[in-house]
1. Where residues in the stretch C:311-342 are among the acidic types (Asp, Glu) and part of a loop (DSSP other than H, G, I, E, B), which of them is nearest to the other protein chains (Cβ to nearest Cβ)?
2. Has the stretch D:124-138 got at least one residue that is within 14 Å of chain A (Cβ to nearest Cβ), under 17 Å from the mean Cα position of the chain (by Cα), open to solvent by less than 10 Å² (accessible area, probe 1.4 Å) and in contact (Cβ under 8 Å) with a residue 40 or more places away in the chain?
3. Would you mention how many residues in the stretch A:16-60 are touching a residue at least 60 places away in the same chain (Cβ under 8 Å) and assigned to a loop (DSSP other than H, G, I, E, B)?
4. Given the residues D:SER217, D:SER189, D:SER241, which is the only one that is facing another protein chain (nearest Cβ under 7 Å), in contact (Cβ under 8 Å) with a residue 12 or more places away in the chain and farther than 26 Å from C:GLY116 by Cα?
5. Select, from A:ASN69, A:ASN99, A:ASN106, A:ASN128, the only residue that is within 18 Å of the chain's Cα centre (by Cα) and open to solvent by 10 Å² or more (accessible area, probe 1.4 Å).
6. When the residues of the stretch D:1-41 are narrowed to those that are part of a helix (DSSP H, G or I) and open to solvent by less than 10 Å² (accessible area, probe 1.4 Å), which ends up nearest to D:LEU117 (Cα to Cα)?
7. Give the residues of the stretch C:114-123 that are open to solvent by 10 Å² or more (accessible area, probe 1.4 Å) and either part of a loop (DSSP other than H, G, I, E, B) or of a type outside the set (D, E, K, R) (or both), sorted by residue number.
Amino acid sequence: MNLQIRDTPATQTSSRLAIADCDIHPAVRKASDLDPWLPARWREHLASFGGGRRLGMQSGPAYPKGQPNASRRDAYPPEGGRQGSSLAFMQAQHLDPNNVALGILNPLKSGQGLANPELSAAVCHAVNEWQVATWTSQDSRLKASIVVPYENASMAAAEIRHWAGHQDFVQVLFLSRTAEPLGNRRYWPIYEAAAEARLPVAVHAFGYGGAPITSTGWPSYYIEEMTGHAQSCQAGLSSMIVEGIFEQFPQLRVIMVEAGFAWAPALGWRLDKAWRTLRAETPHLKQLPSAYMRRHVWWTTQPMEEPEPREHLLDTIGWMGWDRLLFATDYPHWDFDDPAYALPLRITDDQRRGFFLDNARAVYGVGA
Amino acid sequence: MSRHVLAPTSDIPPGSRKLFTVKGRPIAIFNLEGDFFGMLNRCPHQGGSLCEGVVTGLVLSSNPGEYTYARKGEIIRCPWHGWEFDIRTGQSYCDPERIRTKAYPVDTASGATVIEGPYVAETVPLQVEENYIIVDV
Amino acid sequence: MNVQNAHSAAPQPAAASRMAIADCDIHHSPRDFKMLYPYLEPRWRDHLDQFGMRRRMGNYSGPQYPKSQPDASRRDAWPPGGGRPGSNLDFMRTHHLDANNIELGILTMIRPHPGGFQNVDLSAALCRAINDWQVAEWTQPEPRLKASIVVPYEDAAASVAEIERWAGHRDVVQVLLLSRTVEPLGNRRYWPIYEAAAAAGLPVGIHAFGNGGQPTSSTGWSSFYIEDMVGHAQSCQSLVSSMVLEGIFARVPALRVVLIEAGFGWLPPLAWRLDRNWSRLRAELPHLHRLPSEYIRDHIWLTTQPMEEPEPSAHLRDTIDWIGWDKLLFATDYPHWDYDDPRTAIPLRLSAEEREAFFISNAQALYLRPQGDRPGTPDSVTRTRQKETFMHTTPHGQEMPR
Amino acid sequence: MNIPGAIDCDIHPSIPGLDALLPYMPDTWREIIQIRGIDGLNSISYPARSPLTARPDWSPEKGKPAATLAQIQRECLDPFGSAIAICNCLYGVQLLFSEDMAAAFARAVNGWMAAELLDRDPRLRASIVVPIQNVELAVDEIERCAQDPRFVQVLLLASGDHPLGKRMYWPIYAAAARHKLPIGIHAGSNYHNPPTAVGWPSYYTEDYVAQAQAFQSQLTSLFCEGVFNRYPDLKVVLLESGWTWLPAHLWRLTKYWRGLRMEIPWADRSPADVVRSNVRLSLQPTDAPPDAASLQRIIEHLQSDELLLFSTDYPHWQFDGMAAIPAGLSPALVRKITVDNPRATYARLMELVR
């Protein structure tokens, strides 16, 4: 895939298209960075018991990653700390050279999916405070996601209402691998609060639901887990559509993050075909499933599918709609998509602008 | 102990069973291929009426995963908890030494012999040409 | 059933001479599932016809592990007029209620209990229908029987609505859940159910079985029915741990829970283990103000069937002493195959008081207590005895946070 | 306590860190671990700083508890005076998903154990950590380690992908029986299933309490599947199980066996008989009320003085001071638990002890 010799990317920032990066992962330099916002009770708890999730490892992933912290090896800040933990270095390495005009922060390891419900809520809240104090208040290009303890809907809704209207928060963040499928009613109070706050709900691949990544059990390898997010996210999105959250919350917008997108057309076709036959089971749906998808769902682009010939991707995007994709790099992770190389296709200027910036501005309501 | 005439053998053809009350005791009589066996009709576990259970064979195994089927028709399973009893001896399969239902010796005798006595015939009308089931209680 | 024994059977004393008892686990069912349809909205009849129940397991109908006897029932419990065991009130009266002199029979509907169905609206609709059916066709014609209302427990809000619909009804004495749920029953998703039950003055019965979609053990799916059956004791231990440790009894002091058909011998060792570990780990659980065993002692009752049968049987007395003679509720599980017969179920010589408590008065106190008179805590005498048996001193200081 | 000849059947040396294992791995795996930035394999079964994971006086300021021979000698072997202690290493090898990676880690853990501990103190023995993710590889590791008589047991966890009685695991039991190695099943899970049969709990305390239920399920499985019919001399040791649940569990299992025997027709002995001949349980933790009288009754319910094996469960915090043996046990029973029963259980122990 990477064999073709490419043009040297433009070096002058000013001459490059301004872009939105809808998936940037900020990290804490050290665990104690959250202490200012974490009550003593929870600091002590974390020191004693750690943050147990629905997987066996005390810390770190279920499947060992391909690189340390699953990150680019060139993304360690010169001053130390893990990748993504330095705003200055992020600016220098990523935001400035790539001319990122709008960067959406999606903190992982943010308290989401911790088994202890109150701990989860406390850490999520601290992470939200930390995003403002450490990131968005220091660089106006960056916008934050409200991380919520989604397995406990009332606590999650309270966290959304706490931040609703805050200019620095532009979406509510879920991880995709939840305890039950995302359309389940246990999560509806969260969608209600998000819709009320006019915030899209982003569903980022990964998470700790306790169920295997595939419906046929735990596979052996990290590559299977990574590939599996596409299946897992299809299940989550199908659930949201079929269980009727878009009928219940007509204002709700959902963004699938880091799950790929090329699966979307086939999923829509399959949902439509099945629903035509089975719709007596789901009388709460008033439109074709694909219509909800077309109207309520967006996708971030990374990791971009890379078909050969590349032009096949134009078909896929055409089926989805050029207004549905939000460019993302996944900085600083190892499967980063570089904006200079991510879309090597002949497309119209409108399409390019939508893909790289305007779609994001529209969905997040962030002006030029 | 006394000998009781229960019924003509033709009343209980092979493979069937019948319940009698003798000296106030419920006794189930089984016909296994022409041999008659009697047992107290009360499961030693919780008193289930054995006669209402299913007659089965015995599933055995000399090795996990291997199944052999033996003694077809010689086991009665309690209708409540499924405990298995050997119709021939009254012994439970799981714990034969300690858990058993009382077995009663059963005989058959010709009508001629029976009429000679000394048997308690109660209400059974006797005929010389018939054979009768006799139980010692 | 090729046996005629009209005048035979065991020499039974006439019912009138036998002690009146309570049976706290009787399984009734419609003769045919479609007999529930008159109680069900047409939309759901159509739905069931087309899509079935969908219960977080692969079988369209029937159990995951094939049972050992047809319909898991006593072979002598099939009504002579046809229909499945437990489906004919008249036969149940003569075969069970009259014969065993049952004065109070608690109906526990598990055939089916729709609480764990994947489609929560279907679950709620069928629960409503079953509750209407059992009151109309069972408890109203037969005053000895009382109903447990089934609720769509995976949807707490809908469960609360159903509880409120029945609160105060004289035929309804319990809210019924199944034990194998999507998440452990102490999870907050279920708390509104407990709050509503307590507000309605109803105990929450948790009957073994159900399908949460989890394997039947923490180590995956077992091979055999016997493992499934034995495994209910493990499932129920986990849910008791969950309810105690997640703090529902601290939050709802009036909550009373009845564990049904899960055995009881495992409770003392579980309580010891909980106390022991809480003493070590209580920093994790600051919402608990008392020893786990004290919450158990005050809030949990258990039905007796299937009775543990230790050898020697005297060991059972130790176990009941540890649990408390006021906490066990006799149950037969009629008409199921692992039925316990009241004449032979308890292999101990009981004092008159123990017998009375075990067979009837515990059940009456729990289920027939007048509205508003909830037992927050049992009397101080039993509590003191309790502490002697369950309580484990904490190694690092004796003070319990209160 | 200080009983001459006592055999401590459950102590837990910690792997000091991932670096400690690298010398015991081939280059391929050493490089893979470094390139991929793999963390240490630490299971949530024992959170690093939880009060249960290490007794306060066994928690070093820096580093892990029981991570050096000096710690183990100073805190466990010397004060308790044990003649022998069996090391059960609870490194999270079983959590991995890749069979080959698990095999590499198991080999490294066993290699580390032999070189860093067994070679350096003659009182120590160890259990073989196996990659149960792949039964063939697990058997290979048993065969490899069994050449060293200081490995006296095969170590498995109380919860895994499938119940341990399943026939897929029997080659492990065949290998163990061949080498006179008991199967030690220790508290813990690979967390590929929820830690309870009713789903995922919110709290660690629930998880730890639920380990007792996991042991009950495994005992059910081993009995029902007929493992001991096929391997009549095999011993299974339930390690850190809490053990007081055993009588009540046997009552229930026996009751159902009587009614359902035909489903498992090879089950020709009662569960209690099978436990008495084939199953043993380590002493700590003893989940019992504090009064000696109740403990006496529980012991009586066991109906055998051969089931319990002395353990300190070092460095887990199960008791204070030297009170590894609960109060109220008769001297004769203490002797059985501390000396006779372990000797009878661990055949390979005797080969070296004489």
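The values are calculated or read from the model by the stated rules, or taken from the named source; none is laboratory data. Note that the structure is a prediction, hence the values are computed from the model and not measured. Glycine gets a Cβ as well: all are built from the backbone with ideal geometry, and neighbour counts include every protein chain shown. SASA here: full protein model, heavy atoms, side chains in, ligands and nucleic acids out. Shrake-Rupley method; radii C 1.70, N 1.55, O 1.52, S 1.80 Å.
1. Of the stretch C:311-342, the ones among the acidic types (Asp, Glu) are C:311, C:318, C:321, C:326, C:333, C:338, C:340-341.
Next, from what is left, pick out any that are part of a loop (DSSP other than H, G, I, E, B): C:311, C:326, C:333, C:338, C:340-341.
On the way: C:GLU311: 8, C:ASP326: 19, C:ASP333: 10, C:ASP338: 6, C:ASP340: 7, C:ASP341: 4 Å.
Checked the stretch C:311-342; the qualifying residue nearest to the other protein chains (Cβ to nearest Cβ) is C:ASP341.
2. No, every residue in the stretch D:124-138 fails to be within 14 Å of chain A (Cβ to nearest Cβ), under 17 Å from the mean Cα position of the chain (by Cα), open to solvent by less than 10 Å² (accessible area, probe 1.4 Å) and in contact (Cβ under 8 Å) with a residue 40 or more places away in the chain.
3. Result for the stretch A:16-60: 13.
4. Working: D:SER217 fails: farther than 26 Å from C:GLY116 by Cα; D:SER241 fails: facing another protein chain (nearest Cβ under 7 Å).
The match here is D:SER189.
5. Just one listed residue meets the conditions, A:ASN69.
6. First pass over the stretch D:1-41, keeping only residues part of a helix (DSSP H, G or I): D:18-24, D:27-36.
Next cut, open to solvent by less than 10 Å² (accessible area, probe 1.4 Å) only: D:21, D:33.
Numbers: D:LEU21: 13, D:ILE33: 24 Å.
Step by step, filter the stretch D:1-41, then rank; the result is D:LEU21.
7. The answer is C:GLN118, C:ASN119, C:VAL120.
Residue-by-condition table, conditions (1) out of contact with any His (no Cβ under 9 Å at 6 or more places or on another chain); (2) of a type in the set (D, E, K, R); (3) touching a residue at least 12 places away in the same chain (Cβ under 8 Å); (4) more than 29 Å from A:TYR150 (Cβ to Cβ):
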{"residue": "C:TRP191", "(1), (2), (3), (4)": "yes, no, yes, no"}
{"residue": "C:ALA200", "(1), (2), (3), (4)": "yes, no, yes, yes"}
{"residue": "C:ALA208", "(1), (2), (3), (4)": "no, no, yes, yes"}
{"residue": "C:PHE224", "(1), (2), (3), (4)": "yes, no, yes, yes"}
